[in-house]
Structure formats: C-alpha cells, structure tokens
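Following: one structure in structure tokens, then a few remarks.
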Amino acid sequence: MAPDLDRADPVPFEMEGPVGILTLHRPAVHNVVDDTVMARLESILDQVEAEPAIRALILTGAGDRTFCAGGDLKYFATLQTRAEGLAMSQRMQAILRRLYEGERLVIAAVNGQALGGGCEILTACHFRVAAETAHFGFRQAANGITTGWGGGARLFALVGRTRALDLLLTSRILDAQEALTMGFIDRIVPRSQVVVEARNLADQICANPADAVRAFLELACVVDQGDWQAVVRRETELFGERWESEAFGRVLKSFTRSGDDGEGA
C-alpha cells in the first residue's frame with residue numbers, strides 16, 4: 001500500500017518492517033527538488049544510517065504523473081553565482097552518494113515521468129521498478145547545462161558509453177519499454193503496482209542475512225572504482241569474513257545434521 005502522506009512534509013518517510021519508504025511529495029510542481037527537499041533527505045538519511053534495523057529504502061513520487069522532474073528552477077534562480085550553483089550541486093551529489101554507496105538497498109518505484117535531475121536520482125538507486133506509463137529524459141543539454149548531481153558518471157557505468165551519450169546529447173524522451181531494453185530500468189509493472197513490486201523485491205533481498213547483502217553492495221562500489229585487482233582482493237576478503245559468520249555457520253550445522261548427500265552454497 002502507498003504510505004499515508006503528510007502534505008506539509010516534502011519527503012514523507014514511513015517504515016514498514018525493515019523497509020523505509022520515502023516519497024518525494026511536491027506534486028503541484030512535479031516533485032522537483034529544492035533546498036527543503038535536500039534538507040529533509042539529509043535528515044532521513046541521518047535517521048536511516050543510525051538505525052541498523054532498516055535494511056532497505058524505497059524511493060517514489062507523489063501522484064500518478066511524475067516521479068521527479070529534477071531541480072526546482074524557481075529555487076535555482078535564487079542561486080545567482082557560480083559558487084552558489086556548485087554548492088547546491090555538491091550538496092545533492094553528497095545525498096545521492098549516501099544512497100548509492102550506503103549499506104542499505106535502495107529501490108526506485110517510478111510512478112511517472114522522470115526528467116533531468118529526476119533521472120540522476122534514479123542512477124543512484126540499486127534497482128528501478130517503473131510504471132508502464134513512465135517516461136524518462138535527461139533534459140540537461142536541452143536546457144543548456146550538464147548533469148550536476150553525479151548522474152552523468154553513473155549513467156555511463158549503468159548503460160555504457162554510447163547509450164549514455166545518446167541520452168545525454170539528444171535530451172530525448174524514452175518510454176518505459178525502451179528504458180528497459182537499454183538497461184536504464186529493471187522492471188515494468190502497472191502504475192498501481194510500482195510500490196508493491198518494489199516492496200516485493202526488497203522483501204526477497206531482505207530475507208537474506210543482512211551482512212551478506214551489505215557485502216555485495218560494498219563489492220559493487222569497489223567495482224565502480226575500476227581496479228580489477230582491488231575488486232578480486234576485496235571479494236576474497238569478504239568471502240573470508242562471511243565464512244566465519246553466524247549465518248553461514250548455521251547453514252553448515254544444519255546440513256551436517258540433516259545427513260543430505262550435498263547442496264551447493
């Protein structure tokens with residue numbers, strides 16, 4: 001079920017068991033991001049990072065039209081110097097890095113169109129479940145600017161150099177099916193089911209031991225650094241750490257007691 005939203009809160013946050021649901025809630029202006037949204041996201045992430053029981057986050061948008069249309073141009077117009085623009089950029093980059101590089105699974109439930117910075121937010125999520133009616137567009141070049149929230153670099157890693165340049169240079173709009181084929185999103189469902197499907201995926205992953213999930217999320221970040229030897233080294237270290245874990249120990253004990261002929265890890 002969709003969370004019960006407090007309209008005074010630009011990003012309502014609700015817990016459902018180990019899963020937190022964040023909703024960008026400025027539907028009158030297509031859920032765009034301003035300083036109040038950034039401040040609220042920072043506060044939520046402080047809360048999440050301090051609470052080990054939170055295993056996963058689902059990020060969605062209010063309404064049935066828009067996930068997020070990017071930065072609030074009215075707010076941007078108040079940033080009149082290069083330094084002010086860069087400070088905003090770096091602030092939002094830091095927020096998205098906390099999602100992308102954090103210890104919690106992050107799933108986007110894309111309820112409608114994602115444009116500009118809204119697509120950059122999607123690149124900071126580990127999975128993207130989209131409504132069949134959703135559309136996507138990196139509109140920065142058409143507006144005479146570039147990606148400023150770290151989404152350009154993540155897009156190259158996500159879909160490859162040529163496809164990323166296609167999206168960034170043309171500013172064209174993709175429907176959900178093309179975004180799925182390109183690898184920008186992971187699943188398409190009816191609009192009414194986006195949060196439900198995201199929750200199902202979160203539950204499936206959270207059924208596994210928390211330390212194992214965190215280890216794979218960490219390994220994915222090491223892969224992004226591009227040093228293959230470092231990747232193999234860290235993967236080996238993580239394997240050794242998990243070998244001595246309580247969760248794997250219970251599996252071994254259970255198998256030993258059962259007397260089965262064999263089962264792979």
Members of segment 65-89 that are out of contact with any His (no Cβ under 8 Å at 6 or more places or on another chain) and polar (S, T, N, Q): T78, Q80, T81, S89
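Criterion first (touching a His at 6+ places or on another chain (Cβ under 7 Å) and closer than 16 Å to D35 by Cα) does A62 satisfy it?
Considered against the rule, which asks whether it is touching a His at 6+ places or on another chain (Cβ under 7 Å) and closer than 16 Å to D35 by Cα, A62 comes out as no.
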Meets criteria (surrounded by 24 or more Cβ atoms within 10 Å (Cβ to Cβ), in contact (Cβ under 8 Å) with a residue 24 or more places away in the chain, among the β-branched types (V, I, T) and out of contact with any Cys (no Cβ under 9 Å at 6 or more places or on another chain)) for T66: yes
Tally, over segment 164-190, of residues that are buried (at least 16 other Cβ atoms within 10 Å of the Cβ) and part of a helix (DSSP H, G or I): 7
Residue match in segment 173-182 (condition: touching a helix residue (DSSP H, G or I) at 6+ places or on another chain (Cβ under 9 Å) and modelled with pLDDT of 80 or more): yes
Odd one out for T60 among (1) buried (at least 21 other Cβ atoms within 10 Å of the Cβ); (2) more than 19 Å from A198 (Cα to Cα): (2)
Criterion violated by G17 - all others in (1) of a type in the set (G, A, S); (2) over 16 Å from the mean Cα position of the chain (by Cα); (3) within 23 Å of A198 (Cα to Cα); (4) surrounded by 15 or more Cβ atoms within 10 Å (Cβ to Cβ) satisfied: (4)
Unique residue being in contact with a Pro (Cβ under 9 Å, 6 or more places away or on another chain) and at pLDDT 95 or above when the list is A109, A131, A142, A164: A131
For D72: the one exception among (1) more than 19 Å from the chain's Cα centre (by Cα); (2) more than 19 Å from V129 (Cβ to Cβ); (3) surrounded by fewer than 18 Cβ atoms within 10 Å (Cβ to Cβ); (4) not basic (K, R): (3)
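Residue by residue, here is whether (1) among the aliphatic types (A, V, I, L, M); (2) assigned by TED's automatic domain parsing to the domain that holds L219; (3) more than 24 Å from V19 (Cα to Cα) holds:
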site: L57; (1), (2), (3): yes, no, no
site: A69; (1), (2), (3): yes, no, yes
site: S89; (1), (2), (3): no, no, yes
site: L122; (1), (2), (3): yes, no, no
Filtered residues of segment 22-63 (kept if touching a residue at least 60 places away in the same chain (Cβ under 8 Å) and under 16 Å from A130 (Cβ atoms)): N31, I58, L59, T60
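The values are calculated or read from the model by the stated rules, or taken from the named source; none is laboratory data. Worth saying up front: this structure is predicted, and the values here are computed from it rather than measured. Note: ideal-geometry Cβ built from the backbone for every residue, glycine included; neighbour counts use all protein chains shown.
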